[in-house]
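Q: Let me give you the structure first, and then I'll get to my questions.
Since every read-out is calculated from the coordinates, none of them should be taken as a lab result. Worth saying up front: this structure is predicted, and the values here are computed from it rather than measured. Reconstructed Cβ throughout: ideal geometry from the backbone, glycine too, with neighbour counts over all protein chains shown.
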Amino acid sequence: MNKSAQLDNFFRSIQDDGRISITHIGVYTALLQYWQQNCFAVPLFAFSRQVQEIAKVSRLTYQKCVRDLNEYGYLKYVPSFKRNRASEIYLTNINST
């Protein structure tokens, strides 16, 4: 699935999801941009600071949004808990409804 289709499906999925804020949307689109920059790698290995720069959010905001998106099923997040090892992110295949 390409970036455009993934983004379209994400927006369709969140349309009636009151838990999703503009910040969640910003972090998700930043992840899509980072995914594209990394040739659509699966899984996507990312250090938080790399995506934070794209999304223009703080570390705490990034962590909260990624954890929320993981909990809500919009992505799968596997944190590394190590400074020198990137976390794994799987941009799940969101089906449009």
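Q: Among the residues of segment 51-82, what is the count of those that are within 13 Å of Tyr28 (Cα to Cα) and within 12 Å of the chain's Cα centre (by Cα)?
A: So the answer is 19.
Table: residues versus (1) within 20 Å of Asp8 (Cβ to Cβ); (2) buried (at least 17 other Cβ atoms within 10 Å of the Cβ); (3) not aromatic (Phe, Trp, Tyr).
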| site | (1), (2), (3) |
| --- | --- |
| Gln37 | yes, no, yes |
| Phe45 | no, no, no |
| Lys56 | no, no, yes |
| Leu60 | no, no, yes |
| Arg67 | no, no, yes |
| Asn70 | no, yes, yes |
| Leu75 | yes, yes, yes |
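Q: Can you pull out every residue in segment 9-28 that is of a type outside the set (A, V, I, L, M, F, W, C) and buried (at least 17 other Cβ atoms within 10 Å of the Cβ)?
A: Filtering segment 9-28 down to residues of a type outside the set (A, V, I, L, M, F, W, C) leaves 9, 12-13, 15-19, 21, 23-24, 26, 28.
Answer for segment 9-28, where residues must be of a type outside the set (A, V, I, L, M, F, W, C) and buried (at least 17 other Cβ atoms within 10 Å of the Cβ): Asn9, Ser13, His24, Gly26, Tyr28.
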